[in-house]
Amino acid sequence: MRGVIPRIGDHSLRDISRRPGQSFEDLFDERFELYQRYCDIWVKASELKQDKVCEAVVSAL
């Protein structure tokens, strides 16, 4: 989850759907497991610039 919270910023100001009292960390863990299970393409983008992420996705298609 490194890098996600700084990128999201103050999640309480965003319209992120979550259960009452659910922390952002719990929501992230819950969804991340689902995203991994059902994804067709996985691009490790944490160290890539936006254009390289796009290239990786297009080449994976």
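Some observations on this one:
- Subset of region 18-57 that is under 14 Å from the mean Cα position of the chain (by Cα) and among the hydroxyl-bearing types (Ser, Thr, Tyr) - its residue that is modelled with the highest pLDDT: Tyr38
- Residues that are hydrophobic (A, V, I, L, M, F, W, C) and surrounded by 10 or more Cβ atoms within 10 Å (Cβ to Cβ) within region 42-61 comprise Trp42, Val43, Ala45, Leu48, Val53, Cys54, Ala56, Val57, Ala60, listed in sequence order.
- Subset of region 29-41 [surrounded by 10 or more Cβ atoms within 10 Å (Cβ to Cβ) and of a type in the set (Lys, Arg)]: Arg31
The values are calculated or read from the model by the stated rules, or taken from the named source; none is laboratory data. Please read all numbers here as calculations on a predicted model, not as lab measurements. Neighbour counts run over all protein chains shown; Cβ positions are idealised from the backbone, glycine included.
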